[in-house]
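Participant: One structure follows; several queries about it will come next.
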Amino acid sequence: KPIIHCDIKSSNILLTENLRAKVADFGFARAGPTNEDETHISTKVKGTAGYLDPEYVKTYRLTTKSDVFSYGILLLEIFSGRRPVEVNRPANERITVRW
């Protein structure tokens, strides 16, 4: 049975002394679909702005792909050195994905 974390972000990734990444904070986590016929679960939107899957925000349908999107934003943050949302930047640069 898959677990959907729902809040993959940089502050929820902890490093061991060997720099091995561990996912933390399963407060929003949900059990994923239980059989092959189910593709999603419906739920209220929870998570952190900037890391949320736009499809989840729009449809309230949570899938395992939602965490994949959040992980992609996390990688973008690592490679660019920018947070997903930076309100102190000019309007056209505030949302890193659109930048």
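Participant: Tally up the residues in segment 66-95 that are outside any loop (DSSP other than H, G, I, E, B), more than 30 Å from residue 32 (Cβ to Cβ) and not small (Gly, Ala, Ser), please.
Facilitator: Qualifying residue count, segment 66-95: 2.
Participant: To continue, here is another question. Across segment 62-81, what is the number of residues that are surrounded by 16 or more Cβ atoms within 10 Å (Cβ to Cβ) and in contact with a strand residue (DSSP E or B) (Cβ under 9 Å, 6 or more places away or on another chain)?
Facilitator: Residues flagged as surrounded by 16 or more Cβ atoms within 10 Å (Cβ to Cβ) and in contact with a strand residue (DSSP E or B) (Cβ under 9 Å, 6 or more places away or on another chain) within segment 62-81 amount to 5.
Participant: Which count do you get for residues in segment 66-99 that are charged (D, E, K, R) and at pLDDT 90 or above?
Facilitator: So the count comes out to 6.
Participant: I'd like the full set of residues that are exposed (fewer than 12 other Cβ atoms within 10 Å of the Cβ) and either at pLDDT 85 or above or among the basic types (Lys, Arg) (or both), limited to segment 38-57.
Facilitator: 44, 49, 54, listed by residue number.
Participant: How many of the residues making up segment 1-37 are modelled with pLDDT of 90 or more, outside any loop (DSSP other than H, G, I, E, B) and exposed (fewer than 12 other Cβ atoms within 10 Å of the Cβ)?
Facilitator: So the count comes out to 5.
The values are calculated or read from the model by the stated rules, or taken from the named source; none is laboratory data. Just so you know, these numbers come straight off a predicted model, no measurement behind them. Quick reminder, even Gly has a Cβ in these numbers, built from the backbone with ideal geometry, and neighbours come from all protein chains shown.
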